[in-house]
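K.L.:
The structure is given below, and queries will be raised subsequently.
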Amino acid sequence: MVYDVIVLGGGPAGITAAIYGKRAGLNILVLDESPKSGGQILTTYEVDNYPGLPKIGGMELGDKLREHADQLGAEFAVGRVSSIEKQDDTFLLKTRKVTYEAKTVIIATGAGHRSLGAPGEAEHMGMGVSYCATCDGAFYKDKVTAVVGGGNVALEDALFLARTSKQVYLIHRRDEFRGDKVLVDQVKATDNITLVLDSVVESIEGQMKVDSLSIKNVKTEEVSKLEVDGVFIAVGITPNTDKMQGLPEMDAAGYILAGEDAQTSIPGVFAAGDVRTKQLRQVITSASDGANAIFSVQRYLNSQKLHKN
């Protein structure tokens, strides 16, 4: 079967593309590595900036997006695409077991959590090191935790953990945060959050599990020990483009070069959501990308028909 469009990724961009694609009468397939749709929002405790759905849980929002696409008859499959190849007028998308064929492709694979690269980080993964406070925070009730980062995710993680943790340390390499002022103010007003500024994690230590962090002040170069039961890494994201061959042109960070119309350097291949170059990466901008991508897909398919005629 040759699909009109195959969407790679089941986050807000991919699901929105599926919704708009089905409403446009396109034969569409969403290929995702996970059977659970939603992407990064599944690890978000609360989404409070999506219009009309204030304070909705990330898991609930993911379910609602998928439900909408299912109601329209969108087709879903689980698989990791290893390569995209152009063959005549179609694209071949290869997974470990199946090769799919489509007239167009929308890459909406999103982005993943960036690691610190500190000694002990990999060794303690799942044993005190986590990248998702909303996923693992419950394990640290009445315990001491640390969050590393200075953006909105780090601030939100610290606030979330402060609800149940005895003490939360927020470690940031600068003396000012990059996140929204409203979140910074909330963090500073929370009694059991302690700011550890101008500091970096030198190493994560412990035997069977994390029991302390080695912290270095970047201004004084003083190294100290911080006893914690767990550490949550929130230092940014990297685009999910490192495991696939045949991708369009990317920037130095690995984000696919594409504008608001989602068009990439390869005609017929489009990029939407966190995986593309853009100013703001939020649920609402990803949803917008998915809609724009389908509009561009339709325009491309129409141009191909005219070319053949």
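K.L.:
With everything on Cα atoms, drop me the angle between helix 58-71 and the longest principal axis of the chain, reported from 0 to 90° to the nearest 10.
P.N.:
Helix 58-71 sits roughly 10 degrees off the main axis of the chain.
K.L.:
Here is a follow-up. Using the charge dipole of segment 5-157 (Lys, Arg: +1 at Cβ; Asp, Glu: -1 at Cβ; taken about the Cα centre), state which of ILE41, ALA77, VAL153 has its Cα farthest towards the positive end.
P.N.:
Going by the Cα projections, it comes out as ALA77.
K.L.:
Rounded to the nearest 0.05, what FRET efficiency do ALA138 and ASN302 give with R0 = 45 Å and r taken as the Cβ-Cβ distance? Could you check?
P.N.:
0.35
K.L.:
Please determine, in degrees from 0 to 90 and to the nearest 10, the orientation of helix 283-308 with respect to the longest principal axis defined by the Cα atoms of the chain, where the helix direction is its Cα long axis.
P.N.:
20
K.L.:
Roughly how many nanometres apart are two label points built 7 Å out from the Cα toward the Cβ at LYS209 and SER115?
P.N.:
2.1
K.L.:
Once you have a ≥ b ≥ c as the square roots of the Cα gyration tensor eigenvalues for segment 159-249, tell me rounded if a/c is under 1.5, and otherwise prolate or oblate according to whether a/b is larger than b/c.
P.N.:
prolate
K.L.:
Follow-up. Relative contact order of the chain: what whole-number percent is it, with Cα pairs under 8 angstrom and at least 6 residues apart?
P.N.:
Details: 705 pairs, mean separation 60.9, N = 309.
Relative contact order here is 20 percent.
K.L.:
In a shell of Cβ-Cβ distance under 15 Å around ALA69, excluding ALA69 itself, what net charge do Lys and Arg (+1) and Asp and Glu (-1) give? Show your work: numbers first, answer last.
P.N.:
Numbers: positive: LYS22, ARG23, LYS36, LYS64, ARG66; negative: ASP32, ASP63, GLU67, ASP70, GLU75.
It works out to a net charge of 0.
K.L.:
From the residues GLY58, THR264, TYR100, which one has its Cα farthest along the dipole of the chain in the positive direction, the dipole being from +1 and -1 charges on Cβ of Lys/Arg and Asp/Glu about the Cα centre?
P.N.:
So the residue furthest toward the plus end is TYR100.
K.L.:
Does segment 92-203 come out rounded, prolate or oblate by the C-alpha gyration tensor, with a ≥ b ≥ c the root eigenvalues, rounded set by a/c under 1.5 and, if not, prolate when a/b is larger than b/c and oblate if not?
P.N.:
Here segment 92-203 falls in the prolate category.
K.L.:
What does the charge dipole of the chain about its Cα centre add up to, to the nearest 20 debye, if the Cβ of each Lys and Arg holds +1 and the Cβ of each Asp and Glu holds -1?
P.N.:
Numbers: 33 positive and 40 negative charges, 150 e Å.
For the chain, the charge dipole is close to 720 debye.
K.L.:
Additional query: Across segment 199-282, how many lysine pairs, 8 or more positions apart or on different chains, have C-alpha atoms separated by under 30 Å? Please give the number.
P.N.:
Eligible lysine pairs with Cα atoms under 30 Å apart amount to 4.
K.L.:
Same structure again: Please report the relative contact order for segment 129-233, taking Cα pairs under 8 Å with a sequence separation of at least 6, and give it as a percent rounded to a whole number.
P.N.:
Details: 229 pairs, mean separation 32.2, N = 105.
Reported as a whole number, the value is 31 percent.
K.L.:
If the label point is 7 Å along Cα→Cβ of MET125, which residues in segment 206-237 have backbone nitrogen under 19 Å from it?
P.N.:
Inside the label zone: 206-211, 230-237.
K.L.:
Count charges around GLU46 for me, please; just the other residues with Cβ under 14 Å from its Cβ, Lys/Arg as +1, Asp/Glu as -1.
P.N.:
The answer is -2.
K.L.:
So, one more: Obtain the nm distance between the two label points defined at ARG174 and GLU101 by a simple spin-label model: each point lies 7 Å from its Cα along the Cα-to-C-beta direction.
P.N.:
Placing both labels 7 Å along Cα→Cβ, they lie 5.1 nm apart.
K.L.:
If each of ALA189 and GLU75 carries a label point 7 Å out from its Cα toward its Cβ, how far apart are those two points in nm?
P.N.:
Calculated label separation equals 5.2 nm.
K.L.:
Then there's this: So, by mean Cβ neighbours within 10 angstrom, what's the order for 183-195, 236-248 with the highest one leading?
P.N.:
The most tightly packed comes first, giving 236-248, 183-195.
K.L.:
Going by alpha carbons, how many degrees (0 to 90, nearest 10) lie between the helix axis of 12-23 and the longest principal axis of the chain?
P.N.:
Its long axis makes an angle of about 20 degrees.
K.L.:
Continuing with the same structure: Kirkwood hydrodynamic radius (Cα pairs, Å) of the chain?
P.N.:
20.7
K.L.:
With the Cα gyration tensor of segment 191-309 in hand, give its eigenvalues times 5 under a square root as the equivalent ellipsoid semi-axes, listed largest first in whole angstrom. Could the numbers behind the result be given before it?
P.N.:
Numbers: eigenvalues 423, 44, 33 Å².
Semi-axis lengths for segment 191-309 are 46, 15, 13 Å.
K.L.:
Related question: Please give the Cα centre distance for segment 1-20 versus segment 248-286, rounded to the nearest Å.
P.N.:
For segment 1-20 versus segment 248-286, the Cα centre distance is 15 Å.
K.L.:
Could I ask something else about it? If the cut-off is a Cα-Cα distance under 18 Å, which lysines reach LYS188, setting aside same-chain residues fewer than 8 apart in sequence?
P.N.:
Within the straight-line cut-off, LYS188 pairs with LYS166.
Readers should treat all values here as calculations from the given coordinates under stated rules, not as data from a laboratory. This is a predicted model, so every value here is computed, not measured. Positions of Cβ are backbone-derived with ideal geometry, glycine not excepted, and every protein chain shown enters the neighbour counts.
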